[in-house]
Amino acid sequence: MDIFNAVIQTLDSTLRLSVPLLLACLAGLYSERSGIFDIGLEGKMLVGAFAGAAAASVFHSAFIGLGMAILISIAFAMIHGFASITHRGNQIVSGVAINFIAAGSTVILGQAWFHQGGRTPALSEGERFSSITLPGANAVKDVPVIGQLYSELLSGHSLIAYIAFAMVPITWWVLYRTRFGLRLRAVGENPAAVDTAGISVTWLRYRALLCTGVLTGLAGAYLSMTQNGGFVKDMTAGKGYIALAALIFAKWKPVNAMFACLLFGFLDALAIRLQGTPLPIIGKVPVQFMQALPYILTVVLLAGFIGKAIPPRAGGVPYVKER
Amino acid sequence: MGQAAIELIGINKSFGAVHANRDINLEIPRGTIHGIVGENGAGKSTLMSILYGFYQADSGEIRVNGQPTTIRTSNDAIAAGIGMVHQHFMLVENFSVLENIILGAEGEALLKKSIAKARSELDRLEREYGLEVDPDAIIEELPVGIQQRVEILKALYRGAEILILDEPTGVLTPAEADHLFRILKQLKEQGKTIVLITHKLREIMAITDNVSVMRQGTMVATRQTKQTTVEELAELMVGRRVLLRVEKGAANPGGVKLAVNNLVVRDQRGVTMVDDVSFEVRAGEIVGIAGVAGNGQSELIEAISGIRRAVSGTVLLDGKPIDVTGTADPGELRDRGLAHVPEDRHHVGLVLAFEENENSILGYHDDVRYLKGFLLDVDAIRNDAKSKIDGYDIRPPDCRLRTANFSGGNQQKIVLAREMEQDPGVLIVGQPTRGVDVGAIEFIHKRLIAMRDQGKAVLLISVELDEIRSLSDRIVVMFAGRIVGERGPEASEGELGLLMAGVEQLEAAE
């Protein structure tokens, strides 16, 4: 039973750790499927996290915090759009710039407003998203295996976590069953075809970035208002980049994206779990190695274990009408 | 009838210093097929792009069915009943036919109904015009001829009454082109107006009712097709008399330069594209490989030139084997005197973003002539490029210009100059005049004949049967990956056409 509990706990933290990855990964999916590379996922998550925690602590409302997180994240997505769609700038440069602006401005504003060394004040109960107990979770708690899985693993996550996993089928549906999705996929492959069909490439790509902004905002809010009780400097810690790796790993498909993010989340959870625990045969593994494991795996996987990942064909190339 | 479907009055359009369209006036009667001819860069495509709302004219008026119409975007054009089939298809390659057809004309936010509607509408269009297409096929898996049909269906699905086709046969085989013309004639009978932009005069003569000629941005003449001749049109286009027939003496074949024996090549899907092919090319002759596109010619020359691995078979160059199933690579073959002008100059032959002089040595850049120690000798390269520009009349004569800014014909000359000037013993040429205008075709043909007369072995692959017939000393016909016959240059078009269609194969089977 001990092992069973350990497994459940590891899987539970897998879910928790993969939520921000999944949101950021889906955010990247909207952007990149429209042909806009977005290396600025990291920055947008960070400003989302900061805006969310700051607004929540000032207005004492988790939902106002979430709204703010999404708004500010959208604003940054629009800056990326303005640079790379309207002005046909280099998308990588714009994305990197956004990451730097985010890393710097969050700390400066945090210090100026809250005087806690760049942190936001610790959020109290009503200012964070607390865990939701699914109906009947307490009742079935003692039913072996199935009941435990339900109450320990599936129940007890925050609203944003449920939204994140709901976004997977929703994104699939939007992409493959709606007019917007058809056009979105088309514009990432051949914007000239979209243009000659009488659809505005610019407006379409801005709308894709809008979706990106909403999702990175959610991811940021999850970090600062669920996982953590406030904003801490550089709290995204490379999750935006891991999400990009997961996106490539998933070949830009929503369901694959979920599995990729769960895998990275699992590695993270495992690393935490195994810290300081001696393993059979190998013995005690250095903490640093376990922490590096997800990143090592990312490199190995991307280096050739996923087959050919074909990015959207027009990705990274600004659309210019004249030849 | 009688009323003009389209009237263009005083259209002007400039791109920077280039005056692409100058005071264009044009009237296209309804229910006719109207040809617009001109060399590359004469302004045909610009004019049509203005009509389709892709560009906007600097001045001038467009009337559709007598009504002055403002066309700012493609949407306006579609609303005015104008549809366009672009030279480079505007299709999303990994989408299905249906998805491509409804893109931009979905009607409502959810796809389900619009797909169902498109499916039944497609069915109707197919029956009405003989445009058979599998609606669920993925575009990139379809042959170009079918992809073009999808483009036409796209326009018809949007209710186009006026259909503009920009260089529609540039990528088609003769059979596909004939099928297209039948479709166009049928569309005309149904009252549609068709504008055909091309630089192939034979097509103009075969299918159009009227023809307008453009040269250097101006409309120089409009004629009734019945009352003009190919010679007159060519002269109007180029501004001087053009020799349309290739003049050449008898071939004087020498020893075998290139021998291909039992070659088998598969494509990336594992389908056998070249099936047990054997032939030889001698010094001082041009061997043409005729065939409908997709019958293995491309894979054949890719294998011989070291781009694609063959499965089995041998190839001998000057009597010595090329390791076509193993390690043969284009660099090694170049050193051994086999030059290759690839079929697809944009993707294989050139790096469009490079300067002209860089492209003019590409593949030969490790030759000592272009090196100074381990650095490139930029002066030597540019001087070399300049002499090629002079020798091949490449325009504009600027070796520092980005290659993408040259017209198709001049890009082709850059590739030809690069390969021919290395003085190879064997030259493999794929589609030498695809997308090339009349004046340049004449030039390229003369050069190929000159190569032959210098005693080189030339292997020519072209989907233009005319080209094969006028250049080749021997014609080998491929069908379904096999060689189905060999004929002399005197073989009639009909005879070759039957071979290309595999008719004899079928008869033999019965």
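Readers should treat all values here as calculations from the given coordinates under stated rules, not as data from a laboratory. Just so it is clear, the model here is predicted, and its values are computed rather than measured. Note: ideal-geometry Cβ built from the backbone for every residue, glycine included; neighbour counts use all protein chains shown.
Summary table below
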item: Computed over region B:4-238: relative contact order in percent, which uses C-alpha pairs under 8 Å that are six or more apart; result: 28
item: Alpha carbon centroid spacing (whole Å) that separates region B:437-473 from region A:142-192; result: 59
item: Quotient of Cα Rg and 2.2 N^0.38 Å for chain A, N being how many residues it contains; result: 1.03
item: Hz values of 3J(HN,Hα) by residue in region A:277-286 - Karplus curve (6.51, -1.76, 1.60), Gly and Pro given as x; result: 8, x, 8, x, 6, 5, x, 7, 9, x
item: Cut-off 13 Å between beta-carbons: net charge of the residues surrounding A:Ser105, Lys and Arg +1, Asp and Glu -1; result: +1
item: Spacing of the two label points (7 Å from each Cα toward its C-beta) at B:Ala480 and A:Leu279, in nm; result: 5.8
item: Top of A:Gly230, A:Gly28, A:Gly238 by mean-square fluctuation, Gaussian network on chain A, Cα under 10 Å; result: A:Gly238
item: Computed FRET value (nearest 0.05) for B:Phe15 with B:Val351, which takes r as the C-beta separation and R₀ as 30 Å; result: 0.80
item: Residue-wise HN-Hα coupling along region B:365-379, computed from phi with Karplus coefficients 6.51, -1.76, 1.60 (Hz; x: Gly, Pro); result: 6, 9, 6, 4, 4, 9, 10, 10, x, 9, 9, 6, 8, 4, 5
item: Nearby lysines by direct alpha-carbon distance to B:Lys226 (threshold 29 angstrom, same-chain neighbours under 8 apart not counted); result: B:Lys44, B:Lys185, B:Lys188, B:Lys192, B:Lys200
item: Theoretical gain in end-to-end length, B:Val503 to B:Arg241 [0.36 nm per residue, Cα-Cα removed]; result: 90.4 nm
item: Order by protection proxy (mean Cβ within 10 Å, highest first), peptides B:62-73, B:473-484; result: B:473-484, B:62-73
item: Sequence-distant lysines (8 or more away, or on other chains) whose Cα lies within less than 23 Å of B:Lys112; result: A:Lys253, B:Lys154
item: Principal-axis tilt of helix B:174-189 within chain B, Cα atoms, nearest 10 degrees; result: 10
item: Partner lysines for A:Lys251 [C-alpha distance under 23 Å; skip if fewer than 8 residues away on the same chain]; result: A:Lys44, A:Lys239, A:Lys308
item: Evaluated over region B:4-238, the Cα radius of gyration and Dmax, each in Å; result: 17.5, 55
item: Rounded, prolate or oblate (a/c below 1.5 giving rounded, otherwise prolate when a/b exceeds b/c) for region B:337-400 by Cα gyration tensor; result: oblate
item: Region B:469-480 - phi-based ³J(HN,Hα) in whole Hz, Karplus 6.51/-1.76/1.60, Gly and Pro as x; result: 5, 7, 9, 6, 8, 9, 10, 9, 9, 10, 9, 6
item: Spin-label pair A:Ile64/B:Glu495, simplified geometry with 7 Å Cα→Cβ offset, distance in nm; result: 9.2
item: Ratio of the Cα radius of gyration of chain B to 2.2 N^0.38 Å, where N counts its residues; result: 1.02
item: Estimated FRET transfer efficiency (A:Val287, A:Leu153; beta-carbon r; R0 25 Å; 0.05); result: 0.45
item: Residue exposure sequence - B:Phe374, A:Phe264, B:Phe15, A:Phe231 - by fewest surrounding Cβ within 10 Å; result: B:Phe374, B:Phe15, A:Phe264, A:Phe231
item: For B:Ile428, residues with placed amide H under 5 Å, excluding near neighbours; result: B:Ala339, B:His340, B:Val341, B:Leu459
item: Loop-resident sites, region B:372-469, for trypsin sites (Lys or Arg not before Pro), counting at most 13 other Cβ within 10 Å (DSSP); result: B:Arg400
item: Shape category assigned to the protein assembly as shown from the gyration tensor of Cα positions, a/c cut at 1.5; result: prolate
item: Span from the region A:215-261 Cα centroid across to the region B:61-110 one, whole angstrom; result: 39
item: Formal net charge of residues neighbouring B:Thr32 (Cβ-Cβ distance under 11 Å; K, R +1; D, E -1); result: +1
item: With Cα atoms, 0 to 90° folded angle of helix B:144-157 axis to chain B main axis; result: 10
item: FRET efficiency, 1/(1 + (r/R0)^6) with R0 45 Å, evaluated for B:Ser278 and B:Ala116 via beta carbons; result: 0.30
item: 25 °C / 0.890 mPa s Stokes-Einstein diffusion coefficient of region A:126-185, Kirkwood radius on C-alpha pairs, µm²/s; result: 180
item: Approximate shape of region B:371-486 as ellipsoid semi-axes (Cα gyration tensor, √5λ), whole Å, largest first; result: 30, 17, 13
item: Helical segments meeting 24 Å axial Cα length and Kyte-Doolittle 0.5 threshold in chain A (DSSP H); result: A:2-33, A:41-59, A:62-81, A:91-114, A:159-177, A:201-222, A:254-274
item: MRE, 222 nm, helices only [DSSP H, n ≥ 4, -39500 (n - 2.57), over the protein assembly as shown, to nearest 500]; result: -14000 deg cm²/dmol
item: Long-range amide H partners of B:Val85 with built H, under 5 Å; result: B:Ile164, B:Leu165, B:Asp166
item: Distance from region B:364-430 to region A:79-141 (C-alpha centre basis), Å; result: 54
item: Extension reserve of the B:Lys185-B:Arg269 stretch, reckoned as 0.36 nm per residue once the Cα distance is removed; result: 26.6 nm
item: Cut-off 15 Å between beta-carbons: net charge of the residues surrounding B:Gly254, Lys and Arg +1, Asp and Glu -1; result: 0
item: Amide hydrogen neighbours beyond the local backbone of B:Ile322, cut-off 5 Å, H modeled; result: B:Val315, B:Leu316, B:Leu317
